[in-house]
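First up is the structure itself, then whatever we jot down about it.
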Amino acid sequence: MNLLQKLRISSRLLLRDWRSGELSVILIALVIGISSHVAIGHFTDRLSRAMEKNARQMMGGDLVLGSSRAFDAKIRDRAETLGNEVAESSFFSTMISGNDEFLLVSVRTVSDNYPLKGSLRVARQLYGEEFRLSHPPEPGTLWAEPRILHQLDLKVGDKLTIGERTLELAGVLMYEPDRGNNFYGFTPRVIMHQQDLLSTNVVQPGSRVWYRIMLAGTGEQIESFDSWMQQRIKPGQRIFNLEEDRPGVNEALDKARTYMSLASLIALMLAAVAIANSSKRYMQRHYDNSALLRCLGCRKSDVLLIYLMQLCLLAIVGGILGNVLGWLGQIGLFVLIDNLVAVTIPAATVAVGLSAIALAVVVVIGTALPSLLQLRSVTPLRVLRQDLEPVPPSGWFIRGAALLAVTLLMLVYTRNIMLTLGMLAGGTIIGLLSAGILNVFFRALSHQTGRLPTDLQTGIRNFLRRRKDAIIQTMSFSLIIMTMLVIVLLRTELLSTWQNSIPEDAPNHFVLNIQGSDTDQYNAYLQDNGFSADDLFPVVRGRLTRINSNPVRDHVSKEKRDHNSLTRELNLTWTDQLPPDNKIIAGNWWSGEEPDNAVSVESELAENLDIDIGDTLTFFTGEREWEAVVSSIRTVEWDNFKPNFYMLFKQRALDGLPTTWINSFYLPSNEKQKLSALIRAFPSITLLEMDAIIDQVRTILAQVIVAIEAILLFILAAGMTVTLAAIQTTMDERIRESVVMRILGAKRALIRNNQLVEFATLGFIAGLFAVVGAELINALLQYRIFELTYTPTWWAWVLTPVASAILIVLIGLRSGRRVVRQNPVTVLGESR
């Protein structure tokens, strides 16, 4: 028999089984799993790219170069040759004049095509309506931040002088997409066209200017330039990307991608469980066909190949149907969140669809292989003696093959060894616990059945009579419920973390340069005028010069010598209390035993500069050099929009050093007029308005939350449907049992009551064990993958067993209506 003949037989058998309904359970489970994968895959891929696009707007491009010296022209030429869009910008501080007054400001010059990503927001009058613009000011004009208008008493249309050039104030600058989130050292900003820089005659040899080149292009174009630039980068130059420039946003995106990958994996695992159960039933119903094929001359390998081809054809059909349903599903998801997503959604790619068909084949063959091997060993004598069962494969082989298939699938799909080990560990533990404890529980229950109410005894005995099958089915339901519960618990923890990171009343204004003599008056002013303000923090500016008496640049590795902390002065502060969002990970917080010059260092800075407990740090402030000893290392939540510091000192360590104070407060948009009075009352302060940046970060987090909510609903729906498929696998035996009971005089109400008791018991036990596995996996995932603090979810221990029992009862009774309605004569005729 050649390959074409085997393929013809496989296709005919497939069509016959499809018409008879033999393949419905396998195909339904497969389509559900693949459609979940496709819908989640397209949804997460497109939404992740949209969220990343939105996040990149906050840094002004896909890649940004910074330098303390003007860039060589060949860098721009190379970027453009590779197909990237390029914009240029420069920053410097200078004095401007207006209304016969002077003010130190930060000037930004930009080229024609700035911004490459995002848009500027400009108002035509102070706190007037904002307009989104995708171009810089016209030559001869500039835009200024509101605090400049406050401090110089200006209005749009007035003139400002920068160096030797007078420019028209054409708008109020409300937002720059790439302004950054460094709250300290900001001076009021004006933005002007690059063409006007030369005429100001401000920048001279030796002037301190920071230059920036922004690039936008495809991933391949950006990667090509990045590789080229990495080999030519010079001292004083830096390459910024999303990971470095927006670590808080990038962390949220990474956690969202990991969660989405986990959700999609679980959808496939749910389908695999259902297919494994269904394929066992399907193969058992084809023992006679296999025996007949052997009688017609087929070898064992021919039988195996015929059914293997049949499963491959089924997988391809299921993959195609799953692609169609998944495509429609992801369109529906985007329709639901259309008003919540503020950026254009990129088009879908074909990669997800192609991977879905490949995964369909892997899932079907991998889960059905143990059952498929039994068909190979069916003896031809079964045609005459149907009691001849094929020799089953070794139990170790079945378990080993299943574990290997699951492990490879998880590794290939998630590319995360910790995530894979976490799921396998939880699944293994719940399997062992379930098998052992369930066996003991069933033995104990069998001795106590006679003491139960009469209405419950029959249902419990039905449940216990199939003890081996009941254990396997309970474990299957436990796995299904456990995986859904893991998704629910992770979703709850992630959403709580993100929503709490930027509360509604998060500080949206920061006040710098508060003089020590003004602190009491400033606090009183805020209290009298209804400002919702945080505490004041002292700030001392200092440059880190040596670590353990060695110059910093000699102490750190070559790769870290351009770290931001080494190229500028640091903001240092003292405090007696550890800030709420800080956590000590090495050493101890102030206990009174440490020296007066003790310092606590932020963990990432300590890692980058190779700082350990007990090291001596030397700082330079003004004309004074002083030392501090590292007593602790701590983590910091940089994305909480509150004042945060690399270094925290005891107060005595900073005594006598020049100090200013900073403060943050929340002010609703309808009370912005209070800012003018605040600046007039304290003209020396610097006021930063962070509303636009906070709104953009909230937009990104809202997109992440919407994605997780939508995926959660999808997984729950898939889990319930797969549960239905799992219940269908025992339907033949249930029908035969009900027929016998009907013949013996049992009424439909008794049969239905038995089903209810059996399904409720099964669901409750499965739910109880699912909580154990879910908590173990959840603890591992939160601690090692998502870097969250694990806390037991006590409500799950109470609600999950009850909800599981109700869910399986509803699904079981809905799918088991055929058991009650089946005609005994028809069933007995089919079994003859």
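The values are calculated or read from the model by the stated rules, or taken from the named source; none is laboratory data. For clarity, every value in this text was computed on a predicted model and none was experimentally measured. We place every Cβ from the backbone using ideal geometry, glycine too, and count neighbours over all the protein chains shown. All accessible areas refer to the heavy atoms of the entire protein, side chains included, with ligands and DNA or RNA removed. Shrake-Rupley method; radii C 1.70, N 1.55, O 1.52, S 1.80 Å.
So the check is Cβ under 6 Å with 6+ separation or different chains; which pairs have a first residue in segment 370-383 that's farther than 19 Å from A272 by Cα and surrounded by fewer than 22 Cβ atoms within 10 Å (Cβ to Cβ) and a second one that's of a type in the set (V, I, T) and modelled with pLDDT of 70 or more?
The qualifying pairs are R376/V303.
For I502, only one of the following conditions fails: (1) closer than 30 Å to I662 by Cβ; (2) modelled with pLDDT under 70; (3) over 36 Å from the mean Cα position of the chain (by Cα); (4) among the aliphatic types (A, V, I, L, M). What is its number?
Checking I502 against (1) closer than 30 Å to I662 by Cβ; (2) modelled with pLDDT under 70; (3) over 36 Å from the mean Cα position of the chain (by Cα); (4) among the aliphatic types (A, V, I, L, M), the one that fails is (3).
Go through segment 100-150 and tell me which strands (runs of 3 or more DSSP E), entirely inside it, have 2 or more residues that are touching a helix residue (DSSP H, G or I) at 6+ places or on another chain (Cβ under 8 Å).
Hits in segment 100-150: 101-110.
If you go through segment 64-90, how many residues are in contact (Cβ under 8 Å) with a residue 24 or more places away in the chain, surrounded by fewer than 17 Cβ atoms within 10 Å (Cβ to Cβ) and among the charged types (D, E, K, R)?
2
Given A628, A606, which one is over 13 Å from G542 (Cβ atoms) and touching a residue at least 12 places away in the same chain (Cβ under 8 Å)?
Only one candidate qualifies: A606.
Quickly run through segment 164-199 and pick out the residues that are of a type in the set (G, A, S) and modelled with pLDDT under 90.
Within segment 164-199, G180, G185 meet the criteria.
Out of everything in segment 7-35 that is among the polar types (S, T, N, Q) and at pLDDT below 75, what residue ends up being surrounded by the most Cβ atoms within 10 Å (Cβ to Cβ)?
So, considering only residues that are among the polar types (S, T, N, Q) and at pLDDT below 75, the one surrounded by the most Cβ atoms within 10 Å (Cβ to Cβ) is S24.
G206 versus (1) at positive phi; (2) within 35 Å of the chain's Cα centre (by Cα): which is the lone unmet condition?
In the conditions (1) at positive phi; (2) within 35 Å of the chain's Cα centre (by Cα), G206 misses (2) alone.
Could you check, for segment 133-147, whether at least one of its residues is surrounded by fewer than 20 Cβ atoms within 10 Å (Cβ to Cβ) and among the basic types (K, R)?
Looking through segment 133-147, none of the residues is surrounded by fewer than 20 Cβ atoms within 10 Å (Cβ to Cβ) and among the basic types (K, R).
Any idea which of G41, G61 is assigned to a helix (DSSP H, G or I), crowded, with 19+ Cβ neighbours inside 10 Å, modelled with pLDDT under 80 and not charged (D, E, K, R)?
Exactly one of G41, G61 is assigned to a helix (DSSP H, G or I), crowded, with 19+ Cβ neighbours inside 10 Å, modelled with pLDDT under 80 and not charged (D, E, K, R), namely G41.
S93 versus (1) within 18 Å of E176 (Cβ to Cβ); (2) of a type outside the set (A, V, I, L, M); (3) open to solvent by less than 60 Å² (accessible area, probe 1.4 Å): which is the lone unmet condition?
(3)
Looking at this structure, is A79 modelled with pLDDT of 85 or more, in contact with a helix residue (DSSP H, G or I) (Cβ under 6 Å, 6 or more places away or on another chain) and either under 30 Å from L675 (Cα atoms) or assigned to a helix (DSSP H, G or I) (or both)?
Spelling it out, A79 is indeed modelled with pLDDT of 85 or more, in contact with a helix residue (DSSP H, G or I) (Cβ under 6 Å, 6 or more places away or on another chain) and either under 30 Å from L675 (Cα atoms) or assigned to a helix (DSSP H, G or I) (or both).
Is there any pair with a first residue in segment 652-680 that is at positive phi and a second that is among the acidic types (D, E) whose Cβ atoms are under 6 Å apart and which are 6 or more apart or on different chains, and what are they?
Cβ pairs passing all conditions: none.
Can you tell me how many residues in segment 313-335 are open to solvent by less than 60 Å² (accessible area, probe 1.4 Å), touching a helix residue (DSSP H, G or I) at 6+ places or on another chain (Cβ under 6 Å) and farther than 25 Å from R49 by Cα?
Number satisfying all stated conditions: 3.
Yes or no: E168 part of a helix (DSSP H, G or I), open to solvent by 50 Å² or more (accessible area, probe 1.4 Å) and either over 17 Å from E689 (Cβ atoms) or basic (K, R) (or both)?
It is false that E168 is part of a helix (DSSP H, G or I), open to solvent by 50 Å² or more (accessible area, probe 1.4 Å) and either over 17 Å from E689 (Cβ atoms) or basic (K, R) (or both).
Could you tell me whether D534 is at pLDDT below 90, surrounded by fewer than 16 Cβ atoms within 10 Å (Cβ to Cβ) and not basic (K, R)?
Judged against the criteria, D534 is a match.
Are there any pairs, at least 6 apart or on different chains, whose C-beta atoms fall under 8 Å, with the first in segment 130-159 and within 22 Å of L675 (Cβ to Cβ) and the second assigned to a helix (DSSP H, G or I) and open to solvent by 30 Å² or more (accessible area, probe 1.4 Å), and if so, which?
Pairs found: H150/R680.
Looking at (1) on the phi > 0 side of the Ramachandran plot; (2) open to solvent by 30 Å² or more (accessible area, probe 1.4 Å); (3) touching a residue at least 60 places away in the same chain (Cβ under 8 Å), find the lone condition where L104 falls short.
Condition (1) is where L104 drops out.
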